[in-house]
């Protein structure tokens with residue numbers, strides 16, 4: 001649960017709160033209420049338990065993906081991302 | 001230097017390792033605690049101790065949420081499944097934590113409605129899909145995950161979802177560090193501060209460690225080079241006779257933390273007068289409970305619950321390992337009765353627990369070498 005998964009914002013879901021992110025070609029919905037200002041499409045964020053918690057650079061996102069792979073947690077991170085089920089609120 | 005070749009920049013790793021050797025005073029011993037379980041995992045995975053001189057000892061701290069959870073909390077929450085026919089939801093790490101009558105996973109295999117979720121919002125969604133059932137979310141984690149629970153509760157209130165409640169086991173890291181500093185059997189010289197927790201709380205809450213206890217604190221990232229650089233920064237403080245809070249992980253951790261997350265925490269939670277930590281005992285003002293406004297969504301306010309206290313199995317020495325008094329392999333059960341496949345204590349459950357990390361990297365590596 002302390003996994004930090006990098007994701008790139010693809011688009012903001014109308015109505016606020018949520019955004020679509022993509023990582024390794026997988027798209028899922030996450031909550032962006034913990035970031036001010038709201039992240040823009042193209043920006044990378046670190047995701048914890050379905051919430052964007054911090055804004056990161058492209059280079060940091062690549063570094064974080066690599067770190068997850070080296071810690072043997074990349075599959076688990078993708079499983080978590082694919083496991084988010086709250087896309088309709 | 002087994003893993004050096006796969007480091008992103010082996011040259012930087014060697015430089016940092018050499019710098020550590022230059023800075024470390026050979027006439028003294030340094031005990032540095034990495035507070036965060038994610039750091040513990042990285043330290044074992046990358047065999048970082050092999051890159052340090054023998055007089056620098058890394059002590060594994062309490063920053064693994066399932067490891068510090070007292071066993072009784074699991075039993076207490078699971079009792080609702082029996083008594084209220086509630087749906088029990090929680091994160092994957094909790095599913096394997098042993099309770100007195102088995103882990104949530106084992107209870108699920110015996111037919112209880114227990115569901116693993118990846119986000120507290122998923123638990124809320126299950127509640128909305130099953131308006132006739134009560135859904136409990138067993139919330140756990142430090143300040144990294146607590147804001148997500150807070151926002152989920154705000155959403156539940158906003159949507160008027162009445163069949164959802166949170167059993168909060170959220171804990172805060174700073175009181176635990178203070179308890180460790182005040183504990184007579186802990187002799188620590190410095191701290192590697194947690195990375196992700198600090199993205200939420202910032203660096204300021206650690207200032208008492210430098211000011212009142214004169215111990216250096218360096219907030220660190222998770223890459224091998226981050227951890228080595230943090231140790232360099234700590235040793236420079238010793239060389240210069242300073243004790244400061246420094247931030248090696250500036251690329252992600254703002255000094256003042258994440259303000260929307262801190263606001264959400266303050267709005268939904270308040271500090272409990274005290275809370276039990278496995279291995280550390282009762283620590284005052286170290287955990288979060290729901291504020292009175294959120295009582296309808298607070299499992300503990302809503303249902304009659306017996307406070308269950310379960311003592312750890314006698315032979316297990318989780319407490320000593322948690323406090324860094326024993327190394328994982330010095331526990332009598334390590335690698336025999338207690339393994340990641342069949343954990344007796346929670347330190348063996350999570351990849352962030354010192355015992356699981358030690359077992360997966362040091363123990364298996366040694367076994368493979370035989």
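The values are calculated or read from the model by the stated rules, or taken from the named source; none is laboratory data. Bear in mind the structure is a predicted one, so any value in this text is a computation, not a measurement. In this analysis, Cβ positions are derived from the backbone assuming ideal geometry, glycine residues included, and neighbour counts consider all displayed protein chains.
Would you check if there is a residue in the range B:38-49 being free of Cβ contacts under 8 Å to residues at least 60 places away in the same chain, within 22 Å of residue B:356 (Cβ to Cβ) and touching a helix residue (DSSP H, G or I) at 6+ places or on another chain (Cβ under 8 Å)?
Yes.
Would you be able to tell me the number of residues in the range B:118-138 that are crowded, with 24+ Cβ neighbours inside 10 Å and facing another protein chain (nearest Cβ under 10 Å)?
Of the residues in that region, 5 qualify.
Against the conditions (1) at pLDDT 95 or above; (2) in contact with a helix residue (DSSP H, G or I) (Cβ under 6 Å, 6 or more places away or on another chain), where does residue A:86 fall short? Just the number, please.
(1)
Which numbered condition trips up residue B:144, out of (1) modelled with pLDDT of 95 or more; (2) surrounded by fewer than 20 Cβ atoms within 10 Å (Cβ to Cβ)?
(2)
Assuming residue B:309 fulfils every condition listed in (1) under 24 Å from residue B:181 (Cα atoms); (2) surrounded by fewer than 23 Cβ atoms within 10 Å (Cβ to Cβ); (3) touching a strand residue (DSSP E or B) at 6+ places or on another chain (Cβ under 9 Å) apart from one, which condition is it?
So residue B:309 meets the others, but not (1).
Specify which of the listed residues (B:263, B:242) is under 30 Å from residue B:292 (Cα atoms), modelled with pLDDT of 95 or more and exposed (fewer than 15 other Cβ atoms within 10 Å of the Cβ).
When all the criteria are applied, what remains is B:263.
Do you know which residues across the range B:178-202 are more than 14 Å from every other protein chain (Cβ to nearest Cβ) and under 20 Å from residue B:254 (Cβ atoms)?
The answer is B:191, B:192, B:193.
Given the residues B:344, B:308, B:321, which is the only one that is modelled with pLDDT of 80 or more, more than 14 Å from every other protein chain (Cβ to nearest Cβ), touching a helix residue (DSSP H, G or I) at 6+ places or on another chain (Cβ under 9 Å) and in a loop (DSSP other than H, G, I, E, B)?
B:344 is the lone residue from the list that is modelled with pLDDT of 80 or more, more than 14 Å from every other protein chain (Cβ to nearest Cβ), touching a helix residue (DSSP H, G or I) at 6+ places or on another chain (Cβ under 9 Å) and in a loop (DSSP other than H, G, I, E, B).
Which of (1) facing chain B (nearest Cβ under 8 Å); (2) surrounded by fewer than 19 Cβ atoms within 10 Å (Cβ to Cβ); (3) more than 23 Å from residue B:124 (Cβ to Cβ) does residue A:56 not meet, given it meets every other one?
Of (1) facing chain B (nearest Cβ under 8 Å); (2) surrounded by fewer than 19 Cβ atoms within 10 Å (Cβ to Cβ); (3) more than 23 Å from residue B:124 (Cβ to Cβ), only one is false for residue A:56: (2).
Tally up the residues in the range A:63-87 that are in contact (Cβ under 8 Å) with a residue 12 or more places away in the chain, in contact with a strand residue (DSSP E or B) (Cβ under 9 Å, 6 or more places away or on another chain) and part of a helix (DSSP H, G or I), please.
8
With respect to residue B:165, determine if the residue is in contact with a helix residue (DSSP H, G or I) (Cβ under 7 Å, 6 or more places away or on another chain), in contact (Cβ under 8 Å) with a residue 12 or more places away in the chain, more than 12 Å from chain A (Cβ to nearest Cβ) and buried (at least 24 other Cβ atoms within 10 Å of the Cβ).
yes
Provide a single number: the residues in the range B:212-254 that are in contact (Cβ under 8 Å) with a residue 12 or more places away in the chain, more than 28 Å from residue A:64 (Cβ to Cβ) and part of a helix (DSSP H, G or I).
The number of residues fulfilling the criteria is 3.
I want to confirm something. Restricting to the range B:26-69 and keeping residues that are more than 14 Å from chain A (Cβ to nearest Cβ) and part of a loop (DSSP other than H, G, I, E, B), which single residue is nearest to residue B:228 (Cα to Cα)?
Going through the qualifying residues, I end up with B:52.
I'd like to check something: does the range B:190-201 contain any residue that is out of contact with any helix residue (DSSP H, G or I) (no Cβ under 6 Å at 6 or more places or on another chain) and surrounded by fewer than 20 Cβ atoms within 10 Å (Cβ to Cβ)?
No, the range B:190-201 has no match at all.
What do you reckon, is residue B:145 in contact (Cβ under 8 Å) with a residue 12 or more places away in the chain, touching a strand residue (DSSP E or B) at 6+ places or on another chain (Cβ under 7 Å), at the interface with chain A (Cβ under 9 Å from one of its Cβ atoms) and within 17 Å of residue B:88 (Cβ to Cβ)?
In short, no.
Would you confirm, using the coordinates I've provided, whether residue A:34 is assigned to a helix (DSSP H, G or I), buried (at least 19 other Cβ atoms within 10 Å of the Cβ) and facing chain B (nearest Cβ under 8 Å)?
No.
When you check residue A:8 against the structure, is it away from every other protein chain (no Cβ under 12 Å) and surrounded by fewer than 22 Cβ atoms within 10 Å (Cβ to Cβ), yes or no?
yes
Can you go through B:210, B:264, B:214, B:243 and tell me which one is within 14 Å of chain A (Cβ to nearest Cβ) and farther than 27 Å from residue A:59 by Cα?
B:264
Of all residues in the range A:62-84, count the ones that are surrounded by 19 or more Cβ atoms within 10 Å (Cβ to Cβ) and more than 9 Å from chain B (Cβ to nearest Cβ).
Going through the range A:62-84 one residue at a time, the tally reaches 2.
Could you check the range A:11-22 and list, in sequence order, the residues that are surrounded by fewer than 19 Cβ atoms within 10 Å (Cβ to Cβ), closer than 19 Å to residue A:60 by Cα and within 14 Å of chain B (Cβ to nearest Cβ)?
Of everything in the range A:11-22, nothing turns out to be surrounded by fewer than 19 Cβ atoms within 10 Å (Cβ to Cβ), closer than 19 Å to residue A:60 by Cα and within 14 Å of chain B (Cβ to nearest Cβ).
Being more than 17 Å from residue A:24 (Cα to Cα) and surrounded by fewer than 23 Cβ atoms within 10 Å (Cβ to Cβ) is the filter here; which residues of the range A:37-52 pass it?
Residues satisfying the conditions are A:37, A:38, A:39, A:40.
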